[in-house]
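First the structure, in the form of structure tokens, and then the observations on it.
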Amino acid sequence: MAVSSNDVKMKSAGIGIALTVNGRAHRLELDPRTSLLDALRELLHLTGAKKGCDHGQCGACTVLVNGRRINSCLTLAVMHEDDDIVTIEGLGKPEALHPLQAAFVERDAFQCGYCTPGQICSAIGMLAEARAGWPSHATVDVAAEGTTLTGAEIRERMSGNICRCAAYPNIVAAIRDIVEGVHR
Amino acid sequence: MRPFTYERATDPRAAVAAVSRTGAKFISGGTNLLDLMKLDIEQPSHLVDISRLPLKNIEELPEGGIRIGAQAANSDVAADRRVRTRYPVLSEALVAGASGQLRNMASIGGNLLQRTRCPYFYDTAAACNKRVPGSGCAALDGFNRVHAILGASDACIAVHPSDMAVAMTALEAEIELLGDQGARRVAIDDFYRLPGDTPHIETVLQPGEMITGVILPAPPPGRQGYRKVRDRASYAFALVSVAAVVAAERGTITAARVAFGGVAHKPWRSVEAERILTGQPATMANFRAAAEAAMAQAVGRGHNDFKIELAKRTLCRSLAQLAGELRRQL
Ligand SMILES: Cc1cc2nc3c(=O)[nH]c(=O)nc-3n(C[C@H](O)[C@H](O)[C@H](O)COP(=O)(O)OP(=O)(O)OC[C@H]3O[C@@H](n4cnc5c(N)ncnc54)[C@H](O)[C@@H]3O)c2cc1C
Ligand code: SF4
Ligand code: FES
Ligand code: FES
């Protein structure tokens, strides 16, 4: 069978699947044990999403699947055939940053940067959830319409992303800038 | 992780047939199963992916209740307008659990069947009757701060970690199951088992049976609320939680529902507390009497002794808040 440049093969070949990442279709042959995170990092060499804990406890591996934020370490790549996957590499480029990336730079919202791709993907998913009116644990009345992203709401909704450097105040400030339209 | 084969189920009956294979397991969101497979605690040899089954809908039922499909994401259920307005205790319990990312992946069926967070269950070097039946229980004389104070046995003192299931217990949910013998429904309180001497058997689910949905009867009268106490403000399991529903007329409680999380091998409904509250004035003295009744049989194992008083105070706070809201409503 012809092998295109996008094809990647793992030694213990198993299942052939189609994955769409950052708008690009890939054909992968992989061991069914491969997590989505490992497929992205080891097979597609998209190393933006990080492996912090590999157990859903840190958020460093957060990516967007069909527009929703998830932990890519706790899901199998084979479960994502035909899904639309977006990683930090798909959001912006150094010369054309996504507004959230620009806000993180402006606000110095990181130190080592290890958690940052996950923070940014998570924040994008979080902002969409808030626009859709989803309640959070910080919401006083879950039955009320609409969501106002106060500092307390942002902190609660971003609690699935741990920052070992504790850049939290600046992360919240960067996200607030987006909420308040500082970066459009 | 051990090797396994994978298949994606296309309809519920095919999924049930596929899982009849020895060593087969369903995978839904994968957030609990894959965690445990990475640690060699769960060892399936075949996975049946049910995450794409058409069981994601939330429908209204003619008698005033709703039916939630087992594959609905925790986040979608928490955000559903009907759930938020008519079953706010469920919405509150869901958003109190895990993180935004995990709630987007986690299914309702998977949440009900998530396994305990007992640290010795997670430590394959420790004795654990739940993980290896007959091997003993390292928690009994170990660091048992997070463990059960009600309904435990000498074989296991683990607690059920779900927040959602506590709210569903207060709402008297029914679990809808599909097996090769057909469909059936089980009240949530009968669905979960106490550990006894078989702590590895956690529910009445038969091998191969699948959860297809959860039925919530019409909401009980009164105000609903979920209160969760934990070691950090977010993204942590409950030490103790309370789901409560309280109705009152002119300061007198006319109906009450009380369920605790973090205290037992299953969500713990307290009919004793409900009985004490019903017909009594909504006062702190009566809330405290209900809390004493709820914890009358509670036993600490050392490190978790604090949970007994914590559970009482959490119930009092919860009831006081709901009673306050009822007064303001008038
Ligand atoms: C870091 C972290 C923090 C968390 N914090 C909380 C918390 O605070 N509160 C809380 O309540 N939960 C918490 N959770 C747990 C989370 O809610 C569960 O992992 C999740 O709900 C499981 O759902 P799932 O669809 O991913 O299940 P899966 O992992 O896919 O499945 C779990 C089990 O259920 C079985 N199963 C799944 N669906 C069905 C079905 N329809 N029929 C029959 N069997 C089925 C599977 O075979 C498996 O054995 C946390 C999890 C993590 C990783
Ligand atoms: S409490 Fe239960 S789960 Fe924990 S070690 Fe003992 S038997 Fe295992
Ligand atoms: S690496 Fe996925 S949550 Fe930590
Ligand atoms: S910037 Fe270092 S972990 Fe967040």
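The values are calculated or read from the model by the stated rules, or taken from the named source; none is laboratory data. Predicted, not measured: the structure shown is a model, and the values here were computed from it. Because the Cβ atoms are built from the backbone with ideal geometry, glycine has one as well, and the counts that use them run over all protein chains shown. Each accessible area value is taken on the protein alone, full model and side chains, heavy atoms only, with ligands, DNA and RNA left out. Shrake-Rupley method; radii C 1.70, N 1.55, O 1.52, S 1.80 Å.
Tell me, please, whether a residue that is under 22 Å from B:Q297 (Cα atoms) and either within 16 Å of ligand 3 (Cβ to nearest atom) or not acidic (D, E) (or both) can be found in segment B:130-138. So that I can check it myself, show each step before the final result.
Residues of segment B:130-138 under 22 Å from B:Q297 (Cα atoms): B:137.
Narrowing further to those that are either within 16 Å of ligand 3 (Cβ to nearest atom) or not acidic (D, E) (or both): B:137.
Within segment B:130-138 (the criterion being under 22 Å from B:Q297 (Cα atoms) and either within 16 Å of ligand 3 (Cβ to nearest atom) or not acidic (D, E) (or both)), the answer is yes, since at least one residue qualifies.
If B:D154 meets every condition in (1) away from chain A (no Cβ under 14 Å); (2) open to solvent by 10 Å² or more (accessible area, probe 1.4 Å); (3) near ligand 2 (Cβ under 9 Å from one of its atoms) apart from one, which number is that one?
So the condition that B:D154 fails would be (3).
Enumerate the pairs (first residue in segment A:38-61 and in contact (Cβ under 8 Å) with a residue 12 or more places away in the chain; second residue anywhere and within 16 Å of ligand 2 (Cβ to nearest atom)) with beta-carbon separation below 6 Å, excluding pairs fewer than 6 apart on the same chain, so at least 6 apart or on different chains.
Short answer, once both residue conditions are applied: A:H55/B:D35.
Residue under question is B:T22, and the condition is that it be more than 12 Å from chain A (Cβ to nearest Cβ), open to solvent by 10 Å² or more (accessible area, probe 1.4 Å) and polar (S, T, N, Q); does it hold? Explain how you work it out, then say what you get.
Working: more than 12 Å from chain A (Cβ to nearest Cβ): yes; open to solvent by 10 Å² or more (accessible area, probe 1.4 Å): yes; polar (S, T, N, Q): yes.
In short, yes.
Conditions (1) more than 9 Å from ligand 3 (Cβ to nearest atom); (2) in a loop (DSSP other than H, G, I, E, B); (3) away from chain B (no Cβ under 14 Å), marked per residue:
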| residue | (1), (2), (3) |
| --- | --- |
| A:A25 | yes, no, yes |
| A:E42 | yes, no, yes |
| A:H45 | yes, yes, yes |
| A:G48 | yes, yes, yes |
| A:Q57 | no, yes, no |
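For segment A:60-93, enumerate the residues that are touching a helix residue (DSSP H, G or I) at 6+ places or on another chain (Cβ under 7 Å) and assigned to a loop (DSSP other than H, G, I, E, B).
The answer is A:A60, A:C61, A:G67, A:T75, A:T87, A:L91, A:G92.
Out of all the residues in segment A:29-36, is one or more more than 9 Å from chain B (Cβ to nearest Cβ), away from ligand 1 (no atom under 16 Å from the Cβ) and open to solvent by 10 Å² or more (accessible area, probe 1.4 Å)? Walk me through it before giving the result.
We begin by selecting, within segment A:29-36, every residue more than 9 Å from chain B (Cβ to nearest Cβ); these are A:29-30, A:34, A:36.
The next check asks that each one be away from ligand 1 (no atom under 16 Å from the Cβ); those that pass are A:29-30, A:34.
Right, trim to open to solvent by 10 Å² or more (accessible area, probe 1.4 Å) and you get A:29, A:34.
Scanning segment A:29-36, I find at least one residue that is more than 9 Å from chain B (Cβ to nearest Cβ), away from ligand 1 (no atom under 16 Å from the Cβ) and open to solvent by 10 Å² or more (accessible area, probe 1.4 Å), so the answer is yes.
Out of (1) touching an Asp or Glu at 6+ places or on another chain (Cβ under 6 Å); (2) more than 30 Å from B:A14 (Cβ to Cβ), the odd one out for B:V95 is which?
(1) is the only condition that B:V95 fails.
What number of residues within segment B:68-91 satisfy the criterion of being touching a Ser or Thr at 6+ places or on another chain (Cβ under 9 Å), closer than 26 Å to A:G118 by Cα and not polar (S, T, N, Q)?
Adding up the residues that qualify gives 5.
Return the residues of segment B:47-76 that are of a type in the set (D, E, K, R) and open to solvent by 20 Å² or more (accessible area, probe 1.4 Å); say none if nothing qualifies. Before you say what the answer is, go through the steps one by one.
Initial filter on segment B:47-76 (of a type in the set (D, E, K, R)): B:49, B:52, B:56, B:59-60, B:63, B:67, B:76.
Residues satisfying the conditions are B:R52, B:K56, B:E59, B:E60, B:E63, B:R67, B:D76.
More than 8 Å from ligand 2 (Cβ to nearest atom) and either open to solvent by 50 Å² or more (accessible area, probe 1.4 Å) or more than 14 Å from chain A (Cβ to nearest Cβ) (or both): which single residue out of B:P119, B:P133, B:P161 fits that description? Break it down into steps so the answer makes sense when it comes.
Numbers: B:P119 fails: more than 8 Å from ligand 2 (Cβ to nearest atom); B:P161 fails: either open to solvent by 50 Å² or more (accessible area, probe 1.4 Å) or more than 14 Å from chain A (Cβ to nearest Cβ) (or both).
Of the residues listed, the single one that is more than 8 Å from ligand 2 (Cβ to nearest atom) and either open to solvent by 50 Å² or more (accessible area, probe 1.4 Å) or more than 14 Å from chain A (Cβ to nearest Cβ) (or both) is B:P133.
Of the residues in segment B:131-183, how many are more than 21 Å from B:A273 (Cα to Cα) and touching a Phe, Trp or Tyr at 6+ places or on another chain (Cβ under 7 Å)? Talk me through it step by step, then tell me what you get.
The initial filter retains those residues of segment B:131-183 that are more than 21 Å from B:A273 (Cα to Cα), namely B:131-147, B:153-158, B:161-162, B:174-183.
Applying the additional criterion that residues be touching a Phe, Trp or Tyr at 6+ places or on another chain (Cβ under 7 Å) yields B:131, B:138-139, B:142, B:158, B:161, B:175.
Number satisfying all stated conditions: 7.
So is A:Q111 open to solvent by less than 40 Å² (accessible area, probe 1.4 Å) and either more than 9 Å from chain B (Cβ to nearest Cβ) or polar (S, T, N, Q) (or both) or not? Please lay out each step first, then the result.
Working: open to solvent by less than 40 Å² (accessible area, probe 1.4 Å): no; either more than 9 Å from chain B (Cβ to nearest Cβ) or polar (S, T, N, Q) (or both): yes.
In short, no.
Return yes when A:S136 is within 16 Å of ligand 1 (Cβ to nearest atom) and touching a residue at least 40 places away in the same chain (Cβ under 8 Å) and no when it is not. Quick ask: steps written out before the conclusion?
On the way: within 16 Å of ligand 1 (Cβ to nearest atom): yes; touching a residue at least 40 places away in the same chain (Cβ under 8 Å): no.
The answer is no for A:S136.
Could you name every one of the helices (runs of 4 or more DSSP H) located completely within segment A:94-184 that has at least 2 residues being farther than 24 Å from A:L74 by Cβ?
Details: elements: A:99-107, A:116-131, A:151-157, A:168-179.
In segment A:94-184, the matching helices (runs of 4 or more DSSP H) lie at A:99-107, A:151-157, A:168-179.
Going by the structure shown, is B:A218 without any contact (Cβ under 8 Å) to a residue 60 or more places away in the chain and closer than 27 Å to B:R103 by Cβ? I'd like the intermediate steps shown before the answer.
Working: without any contact (Cβ under 8 Å) to a residue 60 or more places away in the chain: no; closer than 27 Å to B:R103 by Cβ: yes.
Taking the combined requirement at face value, the residue does not satisfy it.
Can you tell me how many residues within segment B:1-19 are open to solvent by 80 Å² or more (accessible area, probe 1.4 Å) and among the basic types (K, R)? Steps first, answer last, please.
First, pick out the residues of segment B:1-19 that are open to solvent by 80 Å² or more (accessible area, probe 1.4 Å): B:2-3, B:10, B:13.
Those left that are additionally among the basic types (K, R): B:2, B:13.
Of the residues in that region, 2 qualify.
Conditions (1) crowded, with 24+ Cβ neighbours inside 10 Å; (2) more than 10 Å from the chain's Cα centre (by Cα); (3) over 13 Å from A:P117 (Cα atoms), marked per residue:
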{"residue": "A:L44", "(1), (2), (3)": "no, yes, yes"}
{"residue": "A:T62", "(1), (2), (3)": "yes, no, no"}
{"residue": "A:L74", "(1), (2), (3)": "yes, yes, yes"}
{"residue": "A:E81", "(1), (2), (3)": "no, yes, yes"}
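Restricting attention to helices (runs of 4 or more DSSP H) lying wholly within segment B:187-297, give those where 3 or more residues are surrounded by fewer than 22 Cβ atoms within 10 Å (Cβ to Cβ). Walk me through how you get there before you give the answer.
Details: elements: B:188-191, B:271-277, B:284-294.
Filter on segment B:187-297 gives B:271-277, B:284-294.
Only one of B:I41, B:I108 is in contact (Cβ under 8 Å) with a residue 24 or more places away in the chain, farther than 30 Å from A:V142 by Cα and either within 16 Å of ligand 3 (Cβ to nearest atom) or not polar (S, T, N, Q) (or both). Can you tell me which?
Working: B:I108 fails: farther than 30 Å from A:V142 by Cα.
Of the residues listed, the single one that is in contact (Cβ under 8 Å) with a residue 24 or more places away in the chain, farther than 30 Å from A:V142 by Cα and either within 16 Å of ligand 3 (Cβ to nearest atom) or not polar (S, T, N, Q) (or both) is B:I41.
Give me the residue from segment A:145-176 that is among the charged types (D, E, K, R) and within 11 Å of chain B (Cβ to nearest Cβ) and, out of that set, farthest from ligand 3 (Cβ to nearest atom).
Keep residues of segment A:145-176 that are among the charged types (D, E, K, R), which gives A:145, A:153, A:155-157, A:164, A:176.
Narrowing the set further to residues that are within 11 Å of chain B (Cβ to nearest Cβ) leaves A:145, A:155-157.
On the way: A:E145: 32, A:R155: 18, A:E156: 18, A:R157: 16 Å.
My answer is A:E145.
Could you pull out the residue among B:A243, B:A238, B:A233 that is in contact with a Phe, Trp or Tyr (Cβ under 6 Å, 6 or more places away or on another chain) and within 14 Å of chain A (Cβ to nearest Cβ)? Before you say what the answer is, go through the steps one by one.
On the way: B:A238 fails: in contact with a Phe, Trp or Tyr (Cβ under 6 Å, 6 or more places away or on another chain); B:A233 fails: in contact with a Phe, Trp or Tyr (Cβ under 6 Å, 6 or more places away or on another chain).
From the options B:A243, B:A238, B:A233, the qualifying one is B:A243.
Could you look through segment B:298-319, keep only residues that are touching a helix residue (DSSP H, G or I) at 6+ places or on another chain (Cβ under 7 Å) and not in a helix (DSSP H, G or I), and pick out the one that is surrounded by the most Cβ atoms within 10 Å (Cβ to Cβ)?
For segment B:298-319, the residue satisfying everything is B:A298.
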